[in-house]
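Q: Questions regarding the structure given below will be posed in turn.
The values are calculated or read from the model by the stated rules, or taken from the named source; none is laboratory data. What you see is a predicted model; the values in this text were computed from it and never measured. Cβ placement follows ideal geometry from the backbone for every residue including glycine, while neighbour counts extend to all protein chains displayed. Accessible surface is based on the protein model in full, side chains and every heavy atom, while ligands, DNA and RNA are left aside. Shrake-Rupley method; radii C 1.70, N 1.55, O 1.52, S 1.80 Å.
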Amino acid sequence: MGTVTLGVSLAVPEPHGSFLQRRREGFGDPAARGIPTHITLLPPTEVDAAALPAIEQHLAEVAAGCRPFALRLDGTDTFRPLSPVVFVKVVEGARGCTALQERVRAASGPCARELQFPYHPHVTVAHGIDEAAMDRAETELAGFSAAWTVGGFALYEKGDDEVWRLEREYPFGPGSAAVTLPRQAAELSRPPAASY
């Protein structure tokens, strides 16, 4: 059956998700069009395709044991010089994100893996581009803010075209059924009416 590359994340809702994706593309980040705006819970992980049913069951069990929590983004920061990333900060809900990713990556589960860096929830808006563009991203999005209630997470699969596609959504709470979605391309919607 081969292998697939998976990721688990919290989607940044509209209109904020498309807005940040367009800005990331505008800063010259070539990966922007293929990566929906998100907060990572499980970074890109290559697994045997045969393991997918066990992974999906594990994620459903994690989601069933979670409750919604408030999340707020505000301002920018960078991981430079350690890593060439500029991001929007998670200023509320970081503990919820951290606890959730620990459950997803539990050593006893099918998504167990070590991280390259300590977990720090964030929304990437520039990665691996020239320093001037990184500086621009950090400055121009410094006033960005958004808030919502996190009610679930999602499983994504990376295609051969380098596009991450939403495969299943996992709403929080017991008795919530995971939603399997049709395969889809990452699409950019129209600019939001709000200005930032």
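Q: For the chain, count all C-alpha to C-alpha pairs, find those more than 20 Å apart, and express that count as a whole percent of the total. If you can, show how the numbers build up before the last one.
A: Numbers: 10616 of 19110 pairs.
Result for the distance tail: 56 percent.
Q: Here is a further query. Return the calculated 222 nm mean residue ellipticity for the chain, to the nearest 500 deg cm²/dmol, obtained by summing -39500 (n - 2.57) across DSSP H runs with n ≥ 4 and dividing by the residue count. Don't skip to the end; give the middle numbers.
A: On the way: 4 runs with 45 residues, N = 196.
Calculated mean residue ellipticity at 222 nm is -7000 deg cm²/dmol.
Q: Next question. Would you mind telling me the share, in percent, of accessible area of region 4-95 contributed by carbon and sulfur at probe 1.4 angstrom?
A: Of all accessible area on region 4-95, carbon and sulfur atoms account for 55 percent.
Q: How many Å² of accessible area per residue for the chain, probe 1.4 Å?
A: Details: 10090 Å² over 196 residues.
Computed with neighbouring chains in place, this is 52 Å² per residue.
Q: I've got another one for you. May I ask you to compute the full-extension gain from Glu25 to Thr98, defined as 0.36 nm times their residue separation minus their alpha-carbon distance, rounded to one decimal in nm?
A: Numbers: separation 73, 0.36 × 73 = 26.28 nm, distance 2.75 nm.
Computed gain between Glu25 and Thr98 is 23.5 nm.
Q: Give me the dipole magnitude in Debye, nearest 20, for region 7-131 about the Cα centre, with unit charges on the beta carbon: positive for Lys and Arg, negative for Asp and Glu.
A: In total the dipole reaches around 280 debye.
Q: Here's a follow-up. Provide Thr139, Thr5 ordered by accessible surface of protein heavy atoms (probe 1.4 Å), highest first.
A: Details: Thr139 100, Thr5 35 Å².
Largest accessible area first, the list is Thr139, Thr5.
Q: Give me the angle, in degrees from 0 to 90, between the Cα long axis of helix 131-140 and the longest principal axis of the Cα atoms of the chain, rounded to the nearest 10.
A: With both axes taken from Cα atoms, the answer is about 90 degrees.
Q: Turning to a different aspect of this structure: Among Ala51, Ala142, Ala132, whose Cα projects farthest towards the positive end of the dipole of the chain, with charges put on the beta-carbon of Lys, Arg (+1) and Asp, Glu (-1)?
A: Ala142
Q: On a 0 to 90 degree scale, rounded to 10, what angle separates helix 94-104 from the longest Cα axis of the chain?
A: Between helix and principal axis, roughly 40 degrees.
Q: What ³J(HN,Hα) values, in whole Hz, does the Karplus curve 6.51 cos²θ - 1.76 cosθ + 1.60 give for region 79-88 when θ = phi - 60°, with x put for Gly and Pro?
A: 9, 5, x, 5, 8, x, 9, 10, 9, 8
Q: What are the semi-axes of the equivalent ellipsoid for region 3-106, taken as the square roots of 5 times the Cα gyration tensor eigenvalues, largest first, in whole Å? Don't skip to the end; give the middle numbers.
A: Working: eigenvalues 126, 68, 35 Å².
Rounded to whole Å, the semi-axes are 25, 18, 13.
Q: In a Gaussian network model over the chain where Cα atoms closer than 10 Å are linked, find which of Ala11, Ala63, Ala112 has the largest mean-square fluctuation.
A: Ala112
Q: Full extension from Ala132 to Asp74: what is 0.36 nm times the residue separation minus their Cα-Cα distance, to one decimal in nm?
A: Taking Ala132 through Asp74 to full extension adds about 18.7 nm, to one decimal.
Q: Sketch the reach of a paramagnetic label on Asp161 as a point 7 Å from Cα along Cα-to-Cβ, and name the residues of region 1-35 whose backbone nitrogen lies under 13 Å away.
A: Of the residues in region 1-35, 33-35 have backbone N under 13 Å from the label point off Asp161.
Q: Also: With springs only between Cα atoms under 10 Å apart, run a GNM on the chain and tell me which of Val90, Val163, Val47 wobbles the most.
A: Taking springs between Cα atoms under 10 Å, the residue moving most is Val47.
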